[in-house]
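One structure below.
No value in this document is a laboratory result; all are computed from the given coordinates. Every value quoted in this text rests on a predicted model; they were computed, and no experiment measured them. All Cβ positions, glycine included, derive from the backbone under ideal geometry; neighbour counts span all protein chains shown.
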Amino acid sequence: MLSAILMHLTDDSKVVAFHSRESWDSEQWVVPAQRERMYKDFEGWGDSVKSILSLMKKTDIWALFKHPPCEFYFQSRVCLLGDAAHASTPHMGAGAGMAIEDAYILSNLLGEISDASELDNAFRAYDLTRRPRSQQLVEWSSQQGRLYDLELVGDDPVRVSKELATRTRWVWEHDLAKNVVEAKRLLRVQARL
């Protein structure tokens, strides 16, 4: 589980830092941070970090939870997309993009059917097409938070850079048009069953 510390330098200047925790003991998603706890979280960091921490006017801690894997994205005539299906931590900056990809695939599939009786097939093709990629985002985004915390591969700048490049390419170089073709093929296969 990761938490984010939102620190306010001024009214319009903020710093966000991430820190792993074993548990979250509050019913609130955002709690005020105690200065002593904040300093303890950044114990051993350099003087420039300590200097920034000393300037903080207000600090909050946000809970960032890893969404458990969703086994399916549809049931009956209800189909989930976006955060309802695959909420992720913000570390890859791709959650909204995944929702747009979901909507693109689903809208293309719905455009292929002519009757409500075909919804199940369209939703199943959507699920088979989208769930692997979007669940990978949930996993990698959580890992990327640990990467930023230097917990995943340590503080080796070459390894960190390589991991970040791989993940960035995975998000940005994805062939969505190919996904549409595959989703439509799966829809045709479902219709024959």
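Restricting to Cα pairs below 8 Å that are 6+ residues apart, what does the relative contact order work out to for the chain? Please round to a whole percent.
21 percent.
Relative to the first principal axis of the alpha-carbon coordinates of the chain, what is the inclination of helix 157-172, with its axis defined by its Cα atoms, in degrees from 0 to 90 and to the nearest 10?
Compared with the principal axis, the helix lies near 30 degrees.
So what does log10 I(q)/I(0) come out to for segment 31-78 at q = 0.15, 0.18, 0.28 Å⁻¹, using the Debye formula with one equal point on every Cα and no solvent?
-0.56, -0.66, -1.09
Select from 157, 67, 119 the residue farthest towards the positive end of the dipole of the chain; place +1 on Cβ of Lys and Arg, -1 on Cβ of Asp and Glu, and compute about the Cα centre.
The residue sitting farthest along the positive end of the dipole is 119.
Only four residue types carry charge here, +1 at the Cβ of Lys and Arg and -1 at the Cβ of Asp and Glu. Report the dipole size of the chain about the Cα centre in Debye, rounded to the nearest 20.
So the dipole magnitude of the chain works out to roughly 340 debye.
Let me know the volume per residue of the alpha-carbon convex hull for segment 74-192, in Å³.
Spelled out: Cα convex hull of segment 74-192, divided by residues, is 92 Å³.
Sum up the lysine pairs in the chain that clear both bars: alpha-carbon distance under 21 Å and a spacing of 8 or more or different chains.
Eligible lysine pairs with Cα atoms under 21 Å apart amount to 8.
Name the residues whose placed amide hydrogens come within less than 5 Å of the amide hydrogen of residue 152, ignoring near sequence neighbours (fewer than 5 apart) on the same chain.
The list, which skips near neighbours in sequence, is 147.
With unit charges on the beta carbon (Lys/Arg positive, Asp/Glu negative), name the residue among 191, 104, 134 whose Cα is farthest towards the positive pole of the charge dipole of segment 74-192.
Checked the options; the winner is 191.
Ignoring solvent entirely, what values of log10 I(q)/I(0) come out of the Debye formula for segment 11-150 at 0.13, 0.16, 0.19 Å⁻¹ when each Cα is a single scatterer?
At q = 0.13, 0.16, 0.19 Å⁻¹ the computed log10 ratios are -0.70, -0.89, -1.10.
Compute the angle between helix 119-148 and the longest alpha-carbon principal axis of the chain, please, reported from 0 to 90 degrees and rounded to the nearest 10.
It is inclined by approximately 20 degrees.
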